[in-house]
1. I'm checking my understanding of the structure. Among residues of region 4-26 that are modelled with pLDDT of 95 or more and either farther than 26 Å from N70 by Cα or assigned to a loop (DSSP other than H, G, I, E, B) (or both), which one is farthest from the chain's Cα centre (by Cα)?
2. Which ones in region 411-455 are among the small types (G, A, S) and open to solvent by 30 Å² or more (accessible area, probe 1.4 Å)?
3. When you scan region 130-148, how many residues do you find that are open to solvent by less than 60 Å² (accessible area, probe 1.4 Å) and assigned to a loop (DSSP other than H, G, I, E, B)?
4. When you look at A159, is it among the hydrophobic types (A, V, I, L, M, F, W, C) and in a helix (DSSP H, G or I), yes or no?
5. Looking for whichever is modelled with pLDDT under 95 and either among the charged types (D, E, K, R) or over 20 Å from H465 (Cα atoms) (or both) here; the options are E319, E326. Which one fits?
6. Within region 348-364, track down each residue that is crowded, with 20+ Cβ neighbours inside 10 Å and touching a Lys or Arg at 6+ places or on another chain (Cβ under 8 Å).
7. Tell me, please, whether a residue that is touching a strand residue (DSSP E or B) at 6+ places or on another chain (Cβ under 6 Å), of a type in the set (F, W, Y) and crowded, with 21+ Cβ neighbours inside 10 Å can be found in region 370-383.
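The values are calculated or read from the model by the stated rules, or taken from the named source; none is laboratory data. Model, not experiment: these values are computed from the prediction. In this analysis, Cβ positions are derived from the backbone assuming ideal geometry, glycine residues included, and neighbour counts consider all displayed protein chains. Heads up: the accessible areas ignore ligands, DNA and RNA and are worked out on the full protein's heavy atoms, side chains in. Shrake-Rupley method; radii C 1.70, N 1.55, O 1.52, S 1.80 Å.
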Amino acid sequence: MKRLTCVFCALCGIISTALAEVKLPQFFSDGMVLQQQTTARLWGWTQKNRKVTVKTSWDDKTYTATTNNNGRFEVSVTTPAAGGPYTIVFDDGQPIRLSNVLIGEVWICSGQSNMEMQMKGFKGQPVEGTTEELLHCKDPQLRFFTVKRNPKAQYQEDATGQWNEAETASVRDLSATAYYFGKALRNNLDVPVGLIVTSYGGSACEAWMAREWLEEDTIAMEWPKYYPDVKFPITDEMVEKLHQRCPTALYNGQLKPLIGYALRGAIWYQGEDNVPRYSYYAKLLKRMVDGWRAEWQQGDFPFYFCQIAPYDYSLIQWEGSQYLREQQLKAEIIIPNSRMACLMDAGLEYGIHPRKKRQAGERLAVLALSNTYGVKGLPDFATYANMDIQGDTVVVAFDRSKEWVYFENGKATDGLYEVAGEDHVFHQAEAWISRNRLYLKSEKVKKPVAVRYAWKDWVQGDLMHDGLPVSSFRSRPTPALPKGGNNQ
């Protein structure tokens, strides 16, 4: 009997030890990259009311926490300047060791299909230059964690994925925009770079936002017009029906689990799905960014985003993407510490997924390197500033135009430049450039009052500044005309 009791006690001890093993989110694992020179939060789960120690090899410090009634613990560790590899040991009586941990620069990469689009492309939709890039992509200090698609009605605690080093097989399946962004940071900063990619093709901006943000007055009066059947709290049935377009679903399943992972900033490529709802996109995106920043508790971290590229939206029975691009220009103004990468020269007439992902990633990197890391000598995106009317000619000036503007092909492309008189009917304009001013006039408009450039869904933008494209623009919104008018 005594022997049986001893065996029973030993078995209980084994079971207790097994239950006590720390469970970590999948993004806290071997090969991870932590943000340098900051206070980084680490968390996990084990038995409730249990002591957990966390030891970091870079400073040989031990941090202690006690789990709450749900078995969750969290510690905040101090990270050094970039380097590694290091180890982190979590111990509640049964240690778990994470190895090959690097310290460097960490960025969240999010959005819809043009952020998700892998280096290998989609079926029948290649990414330009992939084959050549895969021959030279190996870099053990460029690492990435791609979150598996997971729209949910309820908050999730973990995200599915794994950390990979950049090499041919792994880069082939990595977001092309994120890859070119990360590669440019690696080449210029010479520190480890970690990319956490959480994206979903066709996703709405509303899907990446928490319920409370969407319920605020200025937002709630807009989005329900387009989602009349969505009521909060959302249900599994709503998510099953709308998937990545269901408000809050991707925030719940693919973003919420990551919040708290120390980062430098975020990049974003989204907006195509919001073209039919363009009117409130600027304030919607601002509310999303405000919400992300508030929950991450890292202040106004950098937020850099791509303006959607030109595409013939009539192919999917939509139109008016120039208005969404205009809203993105506005978002850049109203969101602190944000900038927009213009892609007016990098679209695809018959495809919503442009092949030129190098341009997207590298232009985001130009913004990050210039504005976050202080790298000197990089170009900047010029934007429309104002216009001056001189008789029958309109003179357009640009912000951030340290260099002269110019036409990519040496002369203006027919149909891209337009002027309107007091009747607000636009006519094709003759366009020319002197220094950093754009001049426009039309024989059909003797007294111009408004101008616009590339004001269509599909265009091949040709107005450039210092090697970068200028966004489509209009001098001011014009009154709506009866059907058949061409002011829109």
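1. Residue satisfying both the conditions and the ranking: V22.
2. Answer for region 411-455, where residues must be among the small types (G, A, S) and open to solvent by 30 Å² or more (accessible area, probe 1.4 Å): just S434.
3. The number of residues fulfilling the criteria is 2.
4. For A159, the condition - among the hydrophobic types (A, V, I, L, M, F, W, C) and in a helix (DSSP H, G or I) - is not met.
5. E319
6. Result: G361, single match.
7. Yes, region 370-383 contains at least one residue that is touching a strand residue (DSSP E or B) at 6+ places or on another chain (Cβ under 6 Å), of a type in the set (F, W, Y) and crowded, with 21+ Cβ neighbours inside 10 Å.
To keep it simple, each residue is scored yes or no on (1) touching a Gly at 6+ places or on another chain (Cβ under 6 Å); (2) free of Cβ contacts under 8 Å to residues at least 24 places away in the same chain; (3) part of a strand (DSSP E or B).
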{"residue": "G347", "(1), (2), (3)": "no, no, no"}
{"residue": "V366", "(1), (2), (3)": "no, no, no"}
{"residue": "L369", "(1), (2), (3)": "no, no, no"}
{"residue": "P379", "(1), (2), (3)": "yes, no, no"}
{"residue": "Y384", "(1), (2), (3)": "no, no, yes"}
{"residue": "D388", "(1), (2), (3)": "no, yes, yes"}
